[in-house]
Amino acid sequence: MANFKEIVTKAVIGKAKKTSSNDFSMEPDQMANTVLGCWVINHSFSGTKNAHDGVDITGAFDVNVWYSYDNDSKTAVSTSRFNYTDSLMVPLKEDSSMTNASEIIVRCLKQPTVSNVSLDNGVVKLTIEKELGVEVIGDAKVKISVEDDEDDYVEVYDEVNNDDLKEINEDYLK
């Protein structure tokens, strides 16, 4: 007869991802004529449980803009640091709840990239897209069947055929 045991373990109890597009602006040191390139570096982020049983992701990144100025005769690079906060609701698996003991793992599924850039009276306007994924790790219970019978092995013997014994050459090693 089998009985059941419960194992308490850590498991993924919720998972979600969010793609966002945000607009930022920066004013370079000189009056820019043309934007020659821009890139995002030093992206850092973390997630925390919010009051609505969702996750708040706070992060920051640096944006470098390479531009020309002085009637396109000189170039420079300007750097600005931008902070952001994204909130998302994470659907949890049945019979699960997010607690303060739950672990929140945030992954960057698509690094922040500049999808659009324009100049407006020397101010660089940027649209930056990114995709973040969140996993919530919490306690989960697994019920397993445990067998009580310890001696459930069947002993097996090799059967020897007497005809095989007659065919053995006893002088083989001589």
ask   = How would you rank 17, 166, going from fewest to most other Cβ atoms within 10 Å of each one's own Cβ?
value = 166, 17
inquiry  = With loop defined by DSSP as not H, G, I, E or B, and exposure as at most 11 other Cβ atoms within 10 Å, which is the longest segment of the chain clear of exposed GluC sites (Glu not before Pro)?
reply    = 1-93
ask   = Per residue, what volume in Å³ does the Cα convex hull of the chain take up?
value = 303
key: Whole-Å distance, taken between Cα centres, linking the range 1-64 and the range 81-104   = 11
inquiry  = Could you work out [θ]222 nm for the chain from helices alone, using -39500 (n - 2.57) per DSSP H run of at least four and dividing by all its residues? Round to the nearest 500 deg cm²/dmol.
reply    = -500 deg cm²/dmol
task = Would you mind calculating the relative contact order of the chain from Cα pairs under 8 angstrom and at least 6 residues apart, reporting the percent as a whole number?
result = 34
request  = Starting with the highest mean, order 35-41, 137-143 by the number of other Cβ atoms within 10 Å, averaged over the residues of each peptide.
outcome  = 35-41, 137-143
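Every number here is computed from the coordinates shown, using simple stated rules; none is lab data. A quick note: this is a predicted structure, and the numbers were derived from the prediction, not measured. Note that each Cβ is placed from the backbone with ideal geometry, even for glycine, and that neighbours are counted across all protein chains shown.
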